[in-house]
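Worksheet: one structure, shown below.
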Amino acid sequence: MGAALRALQQRLRRCPPGSVPWATLAEISRLWATLGPAFLRGLEAAGWSTRRHQLADEEWRLQWAGPHSESHAHTTTAVQ
């Protein structure tokens, strides 16, 4: 798994600033679909709650633009 993650990391580092690497993001999604369930089981075994999200309103979120959009990814935060 380390080699697969290193390859993804290298591809992400080669992306121009502000670009959205859709193919790499799709590959990360496939990787998570394979490894995610075991990862979540490990968290639960260690006492973590994974049944619902634990994000508070003021935490940062990432919003990706569509693959054919001229806008780029940006972060937003909700402030109460």
## Note on the structure
From most to least accessible, 1.4 Å probe, no ligand or DNA/RNA atoms counted, SER49, SER19 line up as SER49, SER19
#### Entry: Contour minus Cα-Cα distance for SER29 and ALA7 (0.36 nm per residue)
6.5 nm
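The values are calculated or read from the model by the stated rules, or taken from the named source; none is laboratory data. Note that this is a predicted model, so its numbers are computed, not measured. Accessible surface areas use protein heavy atoms only, side chains included; no ligands, DNA or RNA. Shrake-Rupley method; radii C 1.70, N 1.55, O 1.52, S 1.80 Å.
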